[in-house]
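The next block holds one structure in the form of structure tokens; read it before the comments.
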Amino acid sequence: MAERPIDERRVSALAERIEAESMAAMFDLASEQVHAAFGLEYLRVGGGVATVASSAAMQRWWSRAVGFGWSEPITDDIVEQVCALHLRHGCSEVSFQVSPWVSGEWETTLERHGFTPDITCTKFVRDTNPPPEVFTDVRVRVLTATDADQYADVYCEGFGLEPISMAQEY
């Protein structure tokens, strides 16, 4: 089968849409207990999803806006709605994650609302051919409740979050 070149703009739009929808789905599927513990809420606006986790331990990573700029421009109204969501939850910051493939004046709009460039997230893309075989000693298994604190330690360290006890949160 002949290889087709990857349409980077199309793949970027798809990756952003998948991430936005997965964030919304995670929030939808979270139990009432998790919603209460982490202060979860999300908003669909302007073709994207804005999520907020008001728990101090989760704010940095889970309080963000994803998937914006593809179906409609990032406007002052959209930015104001996203910021209002976060202010209602007492969040001190929110990140707009915008693909460099998004066109328009989104940088100027975000700057008008006090946003500045910060960290960069990178998504990796490959074709759909089977991946090469890789040998590793990494173990993959289903976690149980006894694994919760160890999982939380790795997760929090990896995302730069304050350590939490999952036993306390659930």
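The values are calculated or read from the model by the stated rules, or taken from the named source; none is laboratory data. Note that the coordinates shown come from a computational prediction; the quantities given were computed from them, not determined experimentally. FYI the Cβ positions are ideal-geometry reconstructions off the backbone, even for glycines, and counts take in every protein chain you see. The area values use the complete protein model at the heavy-atom level, side chains included, leaving out ligands, DNA and RNA. Shrake-Rupley method; radii C 1.70, N 1.55, O 1.52, S 1.80 Å.
Taking the criterion of being surrounded by 19 or more Cβ atoms within 10 Å (Cβ to Cβ), in contact with a Leu (Cβ under 6 Å, 6 or more places away or on another chain) and at pLDDT 90 or above, would at least one residue in segment 49-69 satisfy it? Yes, the conditions are met somewhere in segment 49-69. Taken over segment 92-127, the residue count meeting the criterion of being of a type in the set (Ser, Thr, Tyr), in a loop (DSSP other than H, G, I, E, B), within 23 Å of GLU80 (Cβ to Cβ) and open to solvent by 60 Å² or more (accessible area, probe 1.4 Å) is 3.
Taking each residue of segment 1-21 that is more than 22 Å from VAL49 (Cα to Cα) and part of a loop (DSSP other than H, G, I, E, B) and looking for partners that are modelled with pLDDT of 90 or more and open to solvent by 90 Å² or more (accessible area, probe 1.4 Å) with beta-carbon atoms closer than 6 Å, six or more apart or interchain, yields nothing. Restricting segment 136-170 to residues that are under 20 Å from the mean Cα position of the chain (by Cα) and acidic (Asp, Glu) leaves a set whose member that is modelled with the highest pLDDT is ASP153.
Does GLU8 qualify as being open to solvent by 60 Å² or more (accessible area, probe 1.4 Å) and in contact with a strand residue (DSSP E or B) (Cβ under 6 Å, 6 or more places away or on another chain)? No; evaluated as a whole, the condition is false for this residue. If you filter segment 22-41 down to residues that are open to solvent by 30 Å² or more (accessible area, probe 1.4 Å) and in contact (Cβ under 8 Å) with a residue 40 or more places away in the chain, you find that the one that is nearest to SER55 (Cα to Cα) is ALA37. For segment 81-91, the set of residues classified as under 20 Å from ILE119 (Cα atoms) and open to solvent by 70 Å² or more (accessible area, probe 1.4 Å) is empty.
Screening ASP76 with (1) surrounded by fewer than 18 Cβ atoms within 10 Å (Cβ to Cβ); (2) over 18 Å from THR116 (Cα atoms); (3) more than 17 Å from the chain's Cα centre (by Cα) gives one miss only, at (2). The residues of segment 128-162 that are touching a residue at least 24 places away in the same chain (Cβ under 8 Å) and surrounded by 10 or more Cβ atoms within 10 Å (Cβ to Cβ), listed by number, are CYS156, PHE159, LEU161, GLU162.
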